[in-house]
Amino acid sequence: TGSRNERNERRAKKIRNPMRSSVVARAVVGRLRGSATDASAAARPSPLAASGPSVSIAGNRHTRTLNEHAAVGGSGRRGLSSSSIFVPPPPNAYHGVPVYDPVDITAASSPSPESASARRNADPDAVHVVTGASRSMGLQFVKSLLDRTEGRILALCRDPSEGGSTKLRQYLSTLSDDESKRVEALKCDVTVQDDVDSVAEIASSEYGRVDSLHNVAGVLGDAGVTTPGPERNLSMLDRDWLRSQMEVNVVGPMMLTRGLAPLMRSKKGRKVGRAETVVVNVSARVGSIADNVGGLGWHSYRMSKAALNQGTRTISHELKRQGTWSVALYPGFTETDMSEPFRKGAKVGGVFPVDFTVNRLLDVVDGMEEKHSGGFYDWAGRALPF
């Protein structure tokens, strides 16, 4: 099959049929296929809780509290300038009773070499897929995965061409030659089934595996400026907007998971191969039915995220037989393009830097064990009630 470098060179020389939805748009660095920017992450409706009591982190030069662990951006090692001095607010409580154990995020700082995350992150042949990679949280997932793992990253967005994903292209232009070979941008609008099928085909034919899928792309709306949502009351509910919320926030992630699941098999029967794989769905606190005790409406967004949480838990039962875990994550109120209309009046320290948030979410993923699969967690590793 040839060396890894030889495979990279063969892939770099390929020119795809321009009639296909995955047309190659070769970049100076990195590889960009298809065509423009996707909504990168669901906006975060309210600031969340922080990390809780002081906990020692074994293996670090100095003992840190959990808040201090947060301030240095979790286990990320690079590009953490905006979160290096950020300390999250104290924790708040959720209504309802969670059914999953919490995840110890401090384990991400010094994981056991035998843990699933350590083996997955250290594997140079691992493939990590990120949707909504053109900006905000999706782009930060690409950056953080490039830093925290040794594998390759497939960055999916609606238009990765020269005239499309400006922020993604700017980031790719800063990478070294070795780093750029690890990142490939692919066209994927998660509401278009042909795009989803094309990504699955490319992942299968050129990589033969997927080790983590991060469903980050999502939509909330701009409070009625150009979109009908998020709704403040029932009278604002719009049929087309409700459908679009479901398409982007639920149907898209689930269909991409369906397409890539066969490539995520890490075991067959009792035979275990590579490390357990994981499906990561970016959700929202307002997707919790138990925690919905009043306040803002946001009918369609709440319903879409509640459905995503249900999908996350349902696939966990099926996919565990093939060695694939799933998790839904609530990021907290994060400084993204989509949260901008709702940040007015936010308390100082109540809005999280995007790199802080993403690294904490990856700490949760890296701290997972099989018992956490199917759960709904915040960025501090605390289980939310469904």
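The values are calculated or read from the model by the stated rules, or taken from the named source; none is laboratory data. It should be emphasised that the depicted structure is a prediction, and the values quoted were computed from it without experimental measurement. Reconstructed Cβ throughout: ideal geometry from the backbone, glycine too, with neighbour counts over all protein chains shown. All accessible areas refer to the heavy atoms of the entire protein, side chains included, with ligands and DNA or RNA removed. Shrake-Rupley method; radii C 1.70, N 1.55, O 1.52, S 1.80 Å.
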Next item on the list: Any chance you could look up the accessible area of L145 with a 1.4 Å probe, heavy atoms only, rounded to 10 Å²?
Entry: 10 Å²
Next item on the list: Subtracting the Cα-Cα distance from 0.36 nm times the residue separation, let me have the gained length for E370 to R239 in nm, one decimal.
Entry: 43.3 nm
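Eigenvalues of the Cα gyration tensor times 5, then square-rooted: what semi-axes does that give for the range 106-378, in whole angstrom, largest first?
29, 21, 19
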Next item on the list: At 7 Å along the Cα-to-beta-carbon direction for both R321 and A122, put a label point, then send me their distance in nm to one decimal.
Entry: 3.2 nm
Item checked: Base-10 log of normalised Debye intensity for the range 227-324 (one unit scatterer per alpha-carbon) at q = 0.18, 0.21, 0.24 Å⁻¹ -> -0.83, -1.00, -1.19
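Using heavy-atom solvent-accessible surface (probe 1.4 Å) with all chains present, what is the largest-first order of I315, I85?
Result, largest first: I85, I315.
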Margin query: Looking at the range 106-378 only, what percent of DSSP beta bridges run antiparallel? Nearest 5 please.
Written below: 5 percent
